[in-house]
Amino acid sequence: MTSVPLPTATTRWRCTLCGNLTRFDVTRSSKVVEYVHLDLAGEPKVEEREVVSETIESVRCRWCNAVDQIELVDRPDAGAE
């Protein structure tokens, strides 16, 4: 399993197989701390959520189903600033 980096403000994902830039299935593992408020009926509601750590395990292209074929590329307007 290859680790896939998260896109940033200046990069985005691209499938190297078909060129897709917009549709991906992302499998991630997260460790979170949540503040859960239970109402008087016992219904839970998450009021605060802090992500302590997060790892992207895989990214699959929705167009061609390719896994491990995702790369980071520059966004078109990344150099405009």
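Odds and ends about this structure:
- Basic side chains Lys and Arg get +1 at the Cβ, acidic Asp and Glu get -1 at the Cβ, and with that the dipole of the range 3-81 about its Cα centre reaches some 420 debye.
- Pairwise FRET efficiency - His37 versus Thr11, Cβ, R0 = 41 Å, nearest 0.05: 0.65
- Here is the short version for the chain: each Cys has another Cys C-beta closer than 4.7 Å.
- Rg over Rh, two decimals, the range 1-41 (C-alpha only, Kirkwood Rh): 1.21
- Accessible carbon and sulfur surface of the range 27-81 relative to its total accessible area, %, 1.4 Å: 45 percent
- Heavy atoms of the protein chains alone define the surface here; on that basis the chain has 76 Å² accessible area per residue at 1.4 Å probe size.
- Each Lys or Arg adds one and each Asp or Glu subtracts one; over the other residues with Cβ under 10 Å from the Cβ of Cys15, this totals +3.
- Selected from Cys15, His37, Pro76, residue furthest toward positive end of dipole (the range 4-81; charges at beta carbon): Cys15
- The convex hull drawn around the Cα atoms of the chain, when projected onto a plane and averaged over every direction, covers 7.9 nm².
The values are calculated or read from the model by the stated rules, or taken from the named source; none is laboratory data. In this text the structure is predicted, and so the values were computed from the model without any measurement. Don't worry about glycine lacking a Cβ; one is built from the backbone with ideal geometry, like all the others, and counts go over all protein chains shown. SASA here: full protein model, heavy atoms, side chains in, ligands and nucleic acids out. Shrake-Rupley method; radii C 1.70, N 1.55, O 1.52, S 1.80 Å.
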